[in-house]
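Notes follow the structure.
Please treat every number below as a calculation from the coordinates, not as lab data. If you're wondering where the values come from, they're calculated on a predicted model, not measured in any experiment. Virtual Cβ from ideal backbone geometry, glycine too; neighbours counted across all protein chains shown.
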Amino acid sequence: MLATGGLLALAAALAWTAPKPRLDVHREVTPLKVPRGDAAVAVLNVSNLGRRGLSGLRAQDRIGTSEHTVDLPRLPRGAVRTVSYPLLTARRGEIPVGPLRLVRADPFGLTRQVREYGLPATLLVRPRTVPLPVPPSGRAHHLEGPTSDNAPSGTVTFHTLREYVVGDDLRHVHWRSSARTGTLMVRQLIDASLPTTTVVLDTRGLTEPAVDAAASVAVAAARAGFPVRVLAGDAPLPEAKPDPDTIAGGGGVPAGGGFRRDLSG
């Protein structure tokens with residue numbers, strides 16, 4: 001009798017968890033890039049593709065290394081429901097969001113089915129920057145006027161040869177090298193007198209305000225048109241063109257030190 005009861009309980013548990021809900025989950029994270037501390041929201045559009053209605057479903061949405069419980073509303077056959085919840089942005093980084101994990105377990109705790117729905121998305125939390133004037137080290141005065149490398153063709157100092165890209169001035173094509181390599185090559189010209197702004201970030205005992213301050217200085221220099229170089233930990237950031245979005249938003253200083261690509265995450 002005990003063995004028969006156990007088999008019946010197991011069969012009932014399998015019948016409880018075996019049905020697979022046919023769901024289509026489309027995920028949106030808005031916005032995809034936010035300064036640290038700003039609001040961000042995950043939006044789930046859930047469609048029931050099955051032949052019967054669903055109700056009482058509870059799912060887990062992965063956020064980084066943690067999980068957020070999502071209570072799905074009743075889903076009649078063919079219905080679409082939208083569920084949203086706020087995302088935490090207190091720490092910088094590339095935060096993976098998803099996939100949605102639907103866990104079904106029987107009341108006896110004998111069986112458990114975990115299914116994943118939807119593609120994950122990535123939330124990029126940047127440092128919080130404030131507008132600053134151009135740092136004194138980022139200014140240079142020339143006897144003939146201010147220096148700049150913002151002109152499309154650069155200036156008169158030869159730097160290197162590189163492959164032609166659409167939009168390059170054909171007057172700077174180096175025909176001899178192009179004939180030798182079989183690839184159209186152009187001369188890259190720079191302003192040798194233009195100073196590079198270098199920001200040094202001490203990663204020992206790194207704090208979020210320190211990263212915010214370093215990012216603010218680097219972004220201010222980049223917006224003024226100066227090349228920016230950031231040094232932090234054991235991996236220096238290569239010299240970059242004056243692009244504030246690249247400096248403030250592409251990879252970064254992990255919470256705890258070390259550099260990957262820039263100041264954001």
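Hey, can you grab everything whose amide H is under 5 Å from the amide H of ALA79? Only 5+ residues off in sequence or another chain; H modelled, so Pro and N-termini drop out.
ASN48
Just subtract the alpha-carbon distance of GLU163 and ARG51 from 0.36 nm times their residue separation and send over the number in nm, one decimal.
34.6 nm
Report the net charge of residues surrounding GLY56, where surrounding means a beta-carbon distance below 10 angstrom and charges are Lys +1, Arg +1, Asp -1, Glu -1.
+1
For segment 164-175, just list the computed ³J(HN,Hα) in residue order, Karplus coefficients 6.51, -1.76 and 1.60, θ = phi - 60°, integers in Hz, with x standing in for Gly and Pro.
Result, rounded to whole Hz: 5, 10, 4, x, 5, 6, 5, 5, 9, 5, 9, 5.
Hey, can you grab everything whose amide H is under 5 Å from the amide H of LEU100? Only 5+ residues off in sequence or another chain; H modelled, so Pro and N-termini drop out.
TYR117
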